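Shown next, in structure tokens, is the structure this report addresses.
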Amino acid sequence: MIFPASGDVSVLSTENLSYEINDKLILQGISFSIQSGQVLFIEGENGSGKTTLLRIISGLMQADEGHINWNGKTIEDERIEYNQQLTYLGHSTGVKAELSALENINFFSALSGLAQKENPQAAMKRVGLDSYQNTLGRHLSYGQQRRIALTRLMMEPSQLWILDEPFAGLDKKMIHDLQSLFVKHVNEGGLLVLTSHQHIELDRVETLRIKLEQ
């Protein structure tokens, strides 16, 4: 699927985002702009506010100051459109303990309300979990749960991916495959915002970087 279908360029931007907890300033004056075909890599030590920034950009938290814009309008004004175009993966896998691996994937897919790009069985095979379809979430390792969550990138037709430490709990092959998926997504007109403690090489894509200080 090529994004956006209309051929227009989509833009995600922030203006002077600030956030504090208990009078401690976690984020201050964060501004950036990325568009279709670009990656934003957010760097910083633990405690620098990377996860907080991603959650604010995703609309899961509210900044104390500043604005987040999607295609020139605030995400509050474009909430439905923004949510449909967004896939956010945080530290928590979101896997339900009482559901099987396949049922978890179908649950995630139903939440988006959009047509699947790929069927669940094919997605499970791509992440190496095709023999775990009927395994309950409580019996999956953290790495396996991460793979279940990552199938959302293969199935949801979202344009904007916001990913917090997406390589956590993955082996070298899966990390390589995931990087290839990132390149494909961005080269087809998607946008990617991510954090990672691991070195990332995304060939043939334009990567912007911002570094958060503690």
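Over the chain, accessible surface divided per residue gives 50 Å², non-protein components excluded, 1.4 Å probe.
Judged by the ratio a/c of the largest to the smallest principal axis of the C-alpha gyration tensor, the range 11-129 counts as prolate, that ratio being 1.5 or greater while a/b is larger than b/c. Taking Lys and Arg as +1 and Asp and Glu as -1, the other residues whose beta-carbon sits under 10 Å from that of Arg126 total -1.
Among the GluC sites (Glu not before Pro) within the range 51-108, those in coil by DSSP and having at most 10 neighbouring Cβ atoms inside 10 Å are Glu98. With a Cα cut-off of under 20 Å and a minimum spacing of 8 residues unless on different chains, the lysine pairs in the chain number 11. Computed over protein heavy atoms with a 1.4 Å probe, the carbon and sulfur contribution to the accessible area of the range 91-156 reaches 49%. Of the three principal axes defined by the Cα atoms of the chain, the extents in descending order read 47, 42, 33 Å. Once the C-beta distance of Asn46 and Ala115 is scaled by a Förster radius of 41 Å, the resulting FRET efficiency is 0.60 to the nearest 0.05.
Each helix, a run of at least 4 DSSP H residues, gives -39500 (n - 2.57); summed and divided by the residues of the chain, these come to -9000 deg cm²/dmol at 222 nm. The residues neighbouring Leu54, those whose beta-carbon lies less than 12 Å from its own, together hold a net charge of 0 under the Lys/Arg +1, Asp/Glu -1 convention. Full extension of the chain between Lys96 and Asn187 gives 29.5 nm of extra length, using 0.36 nm per residue less the Cα-Cα distance. Backbone phi angles across the range 52-61, fed through the Karplus curve with coefficients 6.51, -1.76 and 1.60 (θ = phi - 60°), yield HN-Hα couplings of 4, 4, 4, 5, 5, 4, 6, x, 7, 9 Hz in residue order; Gly and Pro are listed as x. Charge tally for Met174 (other residues, Cβ to Cβ under 10 Å; Lys, Arg +1; Asp, Glu -1): +3. For the range 140-214, the gyration tensor built on C-alpha atoms gives an oblate shape. Its axis ratio a/c (a ≥ b ≥ c) is at least 1.5, and a/b is not larger than b/c.
In order along the range 13-29, phi translates into HN-Hα couplings of 9, 10, 10, 6, 5, 9, 8, 9, 10, 6, 6, 9, 6, 8, 10, 8, x Hz, rounded to whole numbers, per the Karplus curve 6.51 cos²θ - 1.76 cosθ + 1.60 with θ = phi - 60° and x for Gly and Pro. A Förster distance of 41 Å, applied to the separation of the beta-carbon atoms of Glu103 and Gln62, puts the FRET efficiency at 0.80.
The values are calculated or read from the model by the stated rules, or taken from the named source; none is laboratory data. From a predicted model like this one, the values you see are computed outputs, not experimental measurements. Please note: Cβ atoms are built from the backbone with ideal geometry, for glycine as well, and neighbour counts cover all protein chains shown. Note: areas computed on protein heavy atoms with side chains; ligands, DNA, RNA excluded. Shrake-Rupley method; radii C 1.70, N 1.55, O 1.52, S 1.80 Å.
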